[in-house]
Amino acid sequence: MEPILESICFHAPHAHWFLFLLLLLAGLNVPISEDIILITGGAVASTCTNASSALFLWLLLGCALSAWEAYWIGRLLGPKLYDIKWFNRFLNPERIQRLHYYYEKFGIWTFIVGRFIPGGVRNGLFMTAGLGKMSFPKFIMRDGFACLISASIIFYAGYSFGENYHMIVETFHTYQKIAITFLLLTALILAILYYRRSGKIETDCD
């Protein structure tokens, strides 16, 4: 893990561009986890750079623009999305209808909760807003607030991980040694039992 962290820190001055572009790709439904990007950004901010606020703002902007991309994909393509394999694995009329129901009943809470659900649900939520012709200013206001909440929490989780990185690594190594020792002892005991059983079988045969 140490070489990985060193490699990330070496490229830290350009991390905001790299992570920002990854977020834009995620908005186009490229299978990239927004959560992992935010956690990585938080870890980089706490261990490799003093510009943590700037990095967070870049990631926040990336998350917002990523949602805008998904919204306009839904708004411009509409029902044609059902016929595109790239999207129809998580977009179908039943799911769209369910999300519309959540929009009507829970309003902004749909965005707040949906922002924490990975696996295509997040982008499906944004595209559904576009499919349903939700006004873009309304979408910006609702998702903007939800984006600020989710991005702050997930980024902070990554930041906390980075601050406690060495302690986590030391704990991991300790448990790794315990696990290896346990496996070796288990293998040794099984080997002894096997050979004892084999010897007993040969004696019985004689």
Just to be sure before I move on: is LEU65 modelled with pLDDT of 85 or more, under 18 Å from SER150 (Cβ atoms) and either surrounded by fewer than 17 Cβ atoms within 10 Å (Cβ to Cβ) or not assigned by TED's automatic domain parsing to the domain that holds PHE126 (or both) in the structure I sent?
yes
Could you look through region 113-128, keep only residues that are among the hydrophobic types (A, V, I, L, M, F, W, C) and more than 13 Å from the chain's Cα centre (by Cα), and pick out the one that is farthest from GLN97 (Cα to Cα)?
VAL113
Where the second residue is part of a helix (DSSP H, G or I) and of a type in the set (Asp, Glu) and the first is more than 21 Å from PRO13 (Cα to Cα) and free of Cβ contacts under 8 Å to residues at least 60 places away in the same chain and lies in region 27-45, which pairs have Cβ atoms under 7 Å and are six or more apart or on separate chains?
LEU28/GLU69
Residue list for region 76-89, filter: at pLDDT 70 or above and either in contact with a Phe, Trp or Tyr (Cβ under 6 Å, 6 or more places away or on another chain) or under 7 Å from LEU131 (Cβ atoms) (or both):
GLY78, LEU81
Answer yes or no as to whether ARG75 is part of a helix (DSSP H, G or I), basic (Lys, Arg) and either within 30 Å of ALA157 (Cα to Cα) or touching a residue at least 12 places away in the same chain (Cβ under 8 Å) (or both).
yes
I'd like the residue in region 26-64 that is more than 12 Å from SER152 (Cα to Cα), assigned to a helix (DSSP H, G or I) and among the β-branched types (Val, Ile, Thr) and, out of all such residues, is nearest to the chain's Cα centre (by Cα).
ILE36
Residue in region 116-129 that is surrounded by fewer than 17 Cβ atoms within 10 Å (Cβ to Cβ), free of Cβ contacts under 8 Å to residues at least 12 places away in the same chain and assigned to a helix (DSSP H, G or I) present
no
Return yes when LEU38 is more than 15 Å from LEU131 (Cβ to Cβ) and surrounded by fewer than 17 Cβ atoms within 10 Å (Cβ to Cβ) and no when it is not.
no
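The values are calculated or read from the model by the stated rules, or taken from the named source; none is laboratory data. Please read all numbers here as calculations on a predicted model, not as lab measurements. Virtual Cβ from ideal backbone geometry, glycine too; neighbours counted across all protein chains shown.
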